[in-house]
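One structure follows; several queries about it will come next.
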Amino acid sequence: MMLNKNNILLETKNITKTFGGIHAIEDVNLHINKGEINALIGPNGAGKTTLFNCITGFYPPTKGRIIFNGEDITGLKPHQIAETGMARTFQNIRLFAEMTVMENILIGSQCRYRMTLLGAILNDKRTKNEEREISRKALQYLRFTGLSKFANHLARNLSYGDQRRLELARALATEPKLLLLDEPAAGMNLNETKGLMELIKKIKDEEITILLIEHDMRMVMKIADTITVLDHGIKIAEGTPKEVQKNEKVIEAYIGRRRRTA
Amino acid sequence: MMQDIKKWAFGSLWLFILTIPFLGIINALYFLVSLIVLAILWFIYKPFEQNILDVQSKLLQLPMPSIRWSLYFVIAILVLILPFISDQYITNVATSAITYIVLALGLNIVVGFAGLLDLGYVAFYAVGAYSYALLSTKAGLSFWAVLPLSAIMAAIFGIILGFPTLRLRGDYLAIVTLGFGEMIRITLNNWDSVTGGPNGILNIKGPATLGLSFSQPHHYYYLIIIIGIFTIFAVNRLNNSRIGRAWVAIREDEIAAEAMGINIVKMKLLAFALGASFAGIAGGFFASKMKFVSPESFTFFESVIILCMVVLGGMGSIPGVILGAVVLIILPESLRGFQNYRMIIFGAAMVLIMLFRPQGFIGGVRRRLELHPEDEKILKQETESLYDVKQK
Amino acid sequence: MLLQQIINGLTIGSVYALIALGYTMVYGILQLINFAHGEIYMIGAYMGIIAITFFIYIGLPDISIALTLVLTFLAAIIFTGAYGITLERVAYRPLRNAPRLSILISAIGMSIVLQNYVMLAQGARDKIFPHELKIGGELIIADAHITYTQVLIMALSVLMMSGLTWFIKKTKVGMAMRATAQDRRMAGLLGINTDRIIVITFLIGSILAGAAGVMISMYYGIVNFYMGYTAGIKAFTAAVLGGIGNIPGAMLGGILLGLLEALGAGYISSEYKDVFAFAVLVLVLIFKPTGLLGERISDKV
């Protein structure tokens, strides 16, 4: 694995998060290279989502630092982190259910524009131009994710797979450098997963770095450039899919557990 | 049919028994008879229900923009000439209705847009009214100077009261706002040296401009129309702006909104402050018109009624909220003939409207997003997409 | 002085607690602020006086005062129970899947209806609790006077609250109630008739409020048609203070609110006693946003 300092987009240094004395994650050091698809895997309860929540500011870490794009973002609020160029999706879909698909994406794309009260009420030329840009961009992401024909549908009326895709489109619309996807393929059928994989590759082509949590091993092995494995809150392996597949600890964490539960 | 008859028979009998101790046997029998009459009317209505519903839904949609605009136009003309075609009483009722439109639209920002259930909204109305009363009687400032100050005072209170509630959700927020409302009313009631206690503040000056001092009801009527138009305009602009979208996003899912870069704290406080400032304006106007304020005008019941206007009309929808405010002001007035029965009918109407239209008069109709023509074209071209798995 | 205030606080606090239980149980299952619950309590108070008047008319107190009081309580709770389940059937059940605020408006509407119904039926003037049945006498401990009415209120409240706790913890229906409060859909799938559970919840809540109404009319000696409003707000505050949806929380919140009010009125200012109660509520919620005993409902990210 390449560990070129200049090429690192996100780095966590000894991130630890405890809930009531229990370590959800402990001393995790993560390195995400620019432009790659990185996967975060591990058995249930390994602390993957907790790590996500620490990175995106929803949980303040108990210990450790998070460096993003050369900046220390530890302790920033989620909305500030979004502004630094990080966007995420959620394990259980979180859409703005009573808003249209288009409006959902507009929320994402307006992230890069200032909101002023005066602008809103006067609706001056500048505001109008910005609004036009915002909706132009939103349309672009509608197209990109193939949701155009649902533009005026309420988000809650979309099919499950489309809702996942909309969440992705909304995150993309914030124009992130790093996109964090929390189990994007969960609950999808084969066809939908296939479409999603193509979409993720297409996002990579746009030079957006991706960090994803995923359970679907086949998918991870196919698309990930690097994989980090967590177990019981501790990083037990990291490397290319091939390296990770052969790693004893990983096999123990997965197979061992499966045998025990079976 | 048989089922329905059974239901009505059982229900009537049940209610009859329940009311006996309160009404006495004779009156309870009258009540039973009226229930039976109601049941008969229901069975006459039943066969036509579908037709009536169809007509209703057609009326509610009013799809043609031209029809809608001409309807608005007619209403606008009627509103403008109202003082000339009616008497003082109606002008006063209309003035009060528009005051409540301003209040309801302000509360709609907080409840309808941002989704923060505020049961103490009347506090800001009170702050506006008392600010006006004090500034005008003690500092001797003119209406035009005081009205904005009332709005600003109310907005400041909105932020002060909003701040500790930011972490609270749903019904916890409701009870805390209710508590704040009561605290302000009780303070007004007891802080005699400043607020005059239960007696309130008397002899408040009305507005005067260009040598015209406001004395007639229609003077105030036109003044509130200007305030009302300003409110509708501003709230409508807000609704269609980034700020409005951000509010709705917070209402729908706070966590996701935060992840999309929306500053929740700032936006919630902005909603509280703006909502409050409209109440402040309405309060200032109220004080100047009544020439008198007292804590009695700012009870919890007022908050409840304003909330009902918002929900009854259809949360988040501006025409809906306006309609809700008008109905809830006109309804009790038009029921004056029923005297004592007025409030009971009023309450029952609230229940019935909710039972038949839970989403409010004009709820659930979402505005179609207006796209620019060229974008519309792109949209059409995009109906078939490479990445749409479903189509494969 | 202190002891006296504490006794007064405990008395009124137990009444708040009984009403708060109705709010909290309904909230636990339906996430609905049953706005008309205060009116049920008011109806209980009226029903007590109506029943007593009737019993005096037929001469029952001459035979046994204790029996009269027992029958009065019975009549009151039977009717408040019936009003409670009627309320649910008429104004809430049809709106089970409607937006939550719509149900709130429906509840507010019912509150207005019930208040004005009682005003029309029983007159706008205060009703006096018949002096024939007032329980005289008092205990004197140190400087504090504890009337027998206060003793009765506290004893009955403790009895009812323990009964409720037992019912919820030990009986089958109680367990079904807890299951329904946890997850209504799941409880339904497991074969629990959730509609029935909801009716039972309203029934129990209304019975407690009805008993509280009778007790308060004995305590203060007068009732009026708008008494449900203030008591309702107070009791709801108590429920939130303890953590809404939480049954021991409602009891604790009620008692605490009563004590705060009595002490605030005694030592600070009686005009501002309500401000004091709300201020404490706000403070508690700022530091513990889900109330004293409420669970931490952190949003699952």
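From (1) within 25 Å of C:S111 (Cα to Cα); (2) surrounded by 15 or more Cβ atoms within 10 Å (Cβ to Cβ), pick out the condition that doesn't hold for C:I192.
Just one mismatch for C:I192, condition (1).
Here's the yes/no breakdown for (1) among the β-branched types (V, I, T); (2) within 14 Å of another protein chain (Cβ to nearest Cβ); (3) part of a loop (DSSP other than H, G, I, E, B):
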site	(1), (2), (3)
B:V55	yes, no, no
B:N92	no, no, no
B:T95	yes, no, no
B:A104	no, yes, no
B:Y132	no, no, no
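Now, a different point. Can you pull out the residues in the stretch B:258-317 that are surrounded by 24 or more Cβ atoms within 10 Å (Cβ to Cβ), outside any helix (DSSP H, G or I) and more than 13 Å from chain A (Cβ to nearest Cβ)?
Matches in the stretch B:258-317: B:V293 only.
Each row is one residue, and each column tells you yes or no for (1) at the interface with another protein chain (Cβ under 9 Å from one of its Cβ atoms); (2) within 23 Å of A:L168 (Cβ to Cβ); (3) modelled with pLDDT of 90 or more; (4) not in a helix (DSSP H, G or I).
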site	(1), (2), (3), (4)
A:P61	no, no, yes, yes
A:G64	no, no, yes, yes
A:I67	no, no, yes, yes
A:N92	yes, yes, no, yes
A:N104	yes, yes, yes, no
A:R132	yes, no, yes, no
A:R136	yes, yes, yes, no
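Right, something else. Does at least one position in the stretch C:210-221 carry a residue that is more than 25 Å from C:V158 (Cα to Cα) and either in a loop (DSSP other than H, G, I, E, B) or touching a Cys at 6+ places or on another chain (Cβ under 9 Å) (or both)? It would help to see each step written out before you state the result.
Just the residues of the stretch C:210-221 that are more than 25 Å from C:V158 (Cα to Cα), to begin with: none.
Looking through the stretch C:210-221, none of the residues is more than 25 Å from C:V158 (Cα to Cα) and either in a loop (DSSP other than H, G, I, E, B) or touching a Cys at 6+ places or on another chain (Cβ under 9 Å) (or both).
While we're on this one: Test of understanding: among C:V90, C:V70, C:V26, which residue is among the hydrophobic types (A, V, I, L, M, F, W, C) and either in contact (Cβ under 8 Å) with a residue 24 or more places away in the chain or within 19 Å of C:F225 (Cα to Cα) (or both)? Quick ask: steps written out before the conclusion?
Working: C:V90 fails: either in contact (Cβ under 8 Å) with a residue 24 or more places away in the chain or within 19 Å of C:F225 (Cα to Cα) (or both); C:V70 fails: either in contact (Cβ under 8 Å) with a residue 24 or more places away in the chain or within 19 Å of C:F225 (Cα to Cα) (or both).
Answer to the check: C:V26.
Exactly one condition in (1) facing chain B (nearest Cβ under 9 Å); (2) part of a loop (DSSP other than H, G, I, E, B); (3) among the acidic types (D, E) is false for A:E175; which is it?
(1)
Something else now. Being facing another protein chain (nearest Cβ under 9 Å) and either among the charged types (D, E, K, R) or part of a helix (DSSP H, G or I) (or both) narrows it down to one residue among C:I77, C:I103, C:I85; which is it?
Values: C:I77 fails: facing another protein chain (nearest Cβ under 9 Å); C:I85 fails: facing another protein chain (nearest Cβ under 9 Å).
After applying the criteria, what remains is C:I103.
Continuing with this model, one more query. Assuming B:S193 fulfils every condition listed in (1) more than 7 Å from chain C (Cβ to nearest Cβ); (2) in contact (Cβ under 8 Å) with a residue 12 or more places away in the chain; (3) surrounded by fewer than 23 Cβ atoms within 10 Å (Cβ to Cβ) apart from one, which condition is it?
All conditions pass for B:S193, except number (2).
Checking the structure you have, find out if any residue of the stretch B:46-58 is of a type in the set (G, A, S), farther than 19 Å from B:L323 by Cβ and outside the structural domain of B:T99 (by TED's automatic domain parsing).
Initial filter on the stretch B:46-58 (of a type in the set (G, A, S)): B:57.
In the following step, the residues that additionally are farther than 19 Å from B:L323 by Cβ were identified as none.
No, the stretch B:46-58 has no match at all.
When the stretch C:103-156 is examined, which residues are found to be basic (K, R) and either buried (at least 22 other Cβ atoms within 10 Å of the Cβ) or modelled with pLDDT under 90 (or both)?
First, the residues of the stretch C:103-156 that are basic (K, R): C:125, C:127, C:134.
If the condition is that a residue be basic (K, R) and either buried (at least 22 other Cβ atoms within 10 Å of the Cβ) or modelled with pLDDT under 90 (or both), then C:K134 is the only one that fits.
Quick one: would you say C:I33 is under 19 Å from the mean Cα position of the chain (by Cα) and part of a loop (DSSP other than H, G, I, E, B)?
Details: under 19 Å from the mean Cα position of the chain (by Cα): yes; part of a loop (DSSP other than H, G, I, E, B): yes.
Yes, satisfied.
Sort out which residues of the stretch A:138-172 are among the hydrophobic types (A, V, I, L, M, F, W, C) and not in a helix (DSSP H, G or I), and write them in order of number.
A:L147, A:A151, A:L154, A:L158, listed by residue number.
May I pose another question? Output the residues belonging to the stretch C:131-147 that are within 19 Å of C:S217 (Cβ to Cβ) and part of a loop (DSSP other than H, G, I, E, B).
C:K134, C:I135, C:G136, C:G137 - these are the residues of the stretch C:131-147 that are within 19 Å of C:S217 (Cβ to Cβ) and part of a loop (DSSP other than H, G, I, E, B).
Out of the stretch C:263-286, which residues are assigned to a helix (DSSP H, G or I), of a type in the set (A, V, I, L, M) and surrounded by fewer than 23 Cβ atoms within 10 Å (Cβ to Cβ)? I'd like the intermediate steps shown before the answer.
In the first step, residues of the stretch C:263-286 are kept if they are assigned to a helix (DSSP H, G or I); the result is C:263-267, C:273-286.
Checking which are of a type in the set (A, V, I, L, M) leaves us with C:263, C:265, C:275, C:277, C:279-286.
Scanning the stretch C:263-286 gives C:L263, C:A265, C:V275, C:A279, C:V280, C:V282, C:L283, C:V284, C:I286.
One residue is enough: does the stretch C:132-153 have a residue meeting the conditions under 17 Å from the mean Cα position of the chain (by Cα), among the β-branched types (V, I, T) and either within 23 Å of C:I19 (Cα to Cα) or within 9 Å of chain B (Cβ to nearest Cβ) (or both)? Spell out how you get there, then give the answer.
First pass over the stretch C:132-153, keeping only residues under 17 Å from the mean Cα position of the chain (by Cα): C:150, C:152-153.
Add one more test, that the residue is among the β-branched types (V, I, T), and what stays is C:153.
Next, from what is left, pick out any that are either within 23 Å of C:I19 (Cα to Cα) or within 9 Å of chain B (Cβ to nearest Cβ) (or both): C:153.
Yes, the stretch C:132-153 has at least one match.
A:G161 is checked against (1) under 17 Å from the mean Cα position of the chain (by Cα); (2) more than 8 Å from chain B (Cβ to nearest Cβ); (3) modelled with pLDDT under 90 and fails just one. What number does that condition carry?
The single condition A:G161 does not satisfy is (2).
Moving on. Looking only at the stretch A:107-130, how many residues end up being touching a residue at least 40 places away in the same chain (Cβ under 8 Å) and within 7 Å of chain B (Cβ to nearest Cβ)? Reasoning before the result, please.
If we filter the stretch A:107-130 for residues that are touching a residue at least 40 places away in the same chain (Cβ under 8 Å), which is where we start, we get A:107-109, A:111-112.
In the following step, the residues that additionally are within 7 Å of chain B (Cβ to nearest Cβ) were identified as A:107-108, A:111.
Here the count works out to 3.
Return the pair list, or none, for Cβ contacts closer than 7 Å from residues in the stretch B:156-169 that are at the interface with chain C (Cβ under 10 Å from one of its Cβ atoms) and under 16 Å from C:L283 (Cβ atoms) to residues that are crowded, with 21+ Cβ neighbours inside 10 Å and of a type in the set (S, T, Y), at least 6 apart or on different chains.
B:T165/B:T177
The values are calculated or read from the model by the stated rules, or taken from the named source; none is laboratory data. Bear in mind that the values here come from a model prediction, so they are computed numbers and not experimental data. Methodologically, a virtual Cβ is constructed for each residue, glycine included, from the backbone with ideal geometry; neighbour enumeration extends over all protein chains shown.
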